[in-house]
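If you scroll down you'll find the structure; I have some questions about it.
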Amino acid sequence: MPDNVNHPPHYTVGDIECIEAIKASMSHVEFMGYLKGAGLKYLWRYMYKNKPREDIDKALWYLNRLREELDDPIPPEVAFSMKCAAISEPK
């Protein structure tokens, strides 16, 4: 049975999964934003589709991947963006 959450067969063509191609096309900051947005998308719509549990699992997959990206050494542009965001937050 295909694993539609962790390795959807329709997202793997040739030697690379779609998520890896997306990551390669973006900066680290952009990729983290993509992961956050994809997780939000699945949480937003899970009650309106036929497989709510699968959509929640997909949201968790993207959010876990986002957490993994944070475990990597933070690139300088990410550190700078985080500092700017912290400075501009209202208190």
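If you check every pair at least six apart or on different chains, which have Cβ atoms under 7 Å apart with a residue in segment 22-49 that is over 12 Å from Leu60 (Cα atoms) first and a residue that is crowded, with 17+ Cβ neighbours inside 10 Å and aliphatic (A, V, I, L, M) second?
From segment 22-49, the pairs are His28/Val78; Val29/Val78; Met32/Leu66.
Another question, if that's okay. I want to confirm something. Restricting to segment 19-32 and keeping residues that are surrounded by fewer than 14 Cβ atoms within 10 Å (Cβ to Cβ) and not aliphatic (A, V, I, L, M), which single residue is modelled with the highest pLDDT?
Step by step, filter segment 19-32, then rank; the result is Ser25.
Output the residue which, of all residues in segment 16-44 that are more than 22 Å from Phe80 (Cβ to Cβ) and outside any helix (DSSP H, G or I), is farthest from the chain's Cα centre (by Cα).
This residue is Ile16.
Ile74: modelled with pLDDT under 75 and surrounded by 14 or more Cβ atoms within 10 Å (Cβ to Cβ), yes or no?
yes
Among (1) at pLDDT 90 or above; (2) part of a helix (DSSP H, G or I); (3) over 17 Å from the mean Cα position of the chain (by Cα), where does Asn50 come up short?
Single failed check for Asn50: (2).
The values are calculated or read from the model by the stated rules, or taken from the named source; none is laboratory data. The shown structure was predicted, so the numbers you read here are calculated from the model rather than taken from an experiment. Glycine gets a Cβ as well: all are built from the backbone with ideal geometry, and neighbour counts include every protein chain shown.
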